[in-house]
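Encoded as C-alpha cells, the structure appears first; notes follow it.
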Amino acid sequence: MNRCILRTLLSVVLLLPVAGVGMASAQPAPTETGVQVRKPRLLLVPESTVNATAAQQYAQMKQQAQARRVLNVDAPQVQRVRGIAQRLIPHGTRFNPQAAQWAWEVNVIDAPQINAFCMPGGKIMVFDGLIETLKLSDDELAAVIGHEIAHALLEHGRARMSEQVLKGVGINLAAAYFGLSDLGAAALAQAAQLAITLPYSRGHETDADLVGLELAARAGYDPRAALSLWRKMSAASKGQPPQFLSTHPGHAQRIAEIERNLPRVMDLYARGVRAR
C-alpha cells in the first residue's frame, strides 16, 4: 500500500465523526447538583443499528433462557427488580433524552453468576446470583441496576462498537504501512488492547458508577448503599487482576470515587425520598 492510499484511508476514518455519523458532545451533562460525566466522543456506528442489534440479541437470550427454564418466573423476585428499575428509568433522560423513546425491558435469569447488564436501548437483565449471593438490599440493588442503566444512557456499547471499527482499520493500516509480519500485527493489536481498550473501559465504568449514583438518589434510594455494594463485590471477587490489566477500576479506587461524589447527590436523595 503506498503512502497516498494510506493517507486517503486515514482521512476517511478521521472524517467519519465530522460527517455526522456520530460525535457526541464532549461537554459534561447539564448539572444542577448531581454528578458530572462526559459522553464518549467517538460514535461512528448509528444508534439505530446498535439498538436493533441489542434488541435482537436480548430476544435470543430470553428464548434460550426459556428453553433452559432459567428465565425467572418467580413473581416477587421479578416484581422487585422491575419495580426498582421502573423508578430509576424516568430519571435517565437527564443524561440521554432519547431514553424516553426506548422500549425498556427488565428480566431476571435464574443463574448463580454475580452479574447484571443493560444493553443499548434499555434491555436489562439481572442474574439471580447477584441478588442472592450478595444478599442485596433494595438500595444496593438500585446501585447495581442504576450503574447498568448508565452504560446504556451514556451509549458505552455504541462507543465500544465504534472503537472496534476504528481500531481494526487502524491496526490493518499500520501493519501494512510499516510492513509488519503477522506476529508484528498481533503485537500491535495487543498494544492497542492495553493502551486503548482497557483504559477506555475503566473510564466507562467510573462514569457509570457516578450516573448510577445519581439515578438511585433521584429515585429515593440511598446512594450510600453503593459503598456497601462494592465492598461486597470486592469480597466476592478475590483474585481480581491488577488494575492496569482490568476493564474495571480497582475496588478501592471505585469506592473512593463514589465517596468523593456522594455530597453531590445527597440533596437529590432527600428530594427523592420526599417524592416517593
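What to note about this one:
- Volume of the convex hull of the range 78-129 (Cα atoms only), normalised per residue: 71 Å³.
- Descending principal axes extents, the range 47-118, alpha-carbon based, whole Å: 36, 27, 19
- Values of log10 I(q)/I(0), in the order q = 0.11, 0.12, 0.19 Å⁻¹, for the range 22-156 under a Debye, Cα-only, solvent-free model: -0.42, -0.50, -1.13
- Partners for Lys232 among lysines (Cα-Cα distance below 20 Å; same-chain residues under 8 apart left out): Lys135
- By a 1.4 Å probe calculation restricted to protein chains, Tyr269 has an accessible surface near 50 Å², given to the nearest 10.
- Lysines with Cα under 24 Å of Lys167, excluding same-chain neighbours fewer than 8 positions away: Lys39
- Accessible surface comparison of Glu259, Glu205, probe 1.4 Å, protein chains only, largest first: the order is Glu259, Glu205.
- Full-stretch length increase - Ala236, Gln98 - with 0.36 nm per residue and alpha-carbon distance subtracted: 46.1 nm
The values are calculated or read from the model by the stated rules, or taken from the named source; none is laboratory data. Note that this is a predicted model, so its numbers are computed, not measured. Quick note on the areas: whole protein, heavy atoms, side chains included, nothing else; ligands and nucleic acids left out. Shrake-Rupley method; radii C 1.70, N 1.55, O 1.52, S 1.80 Å.
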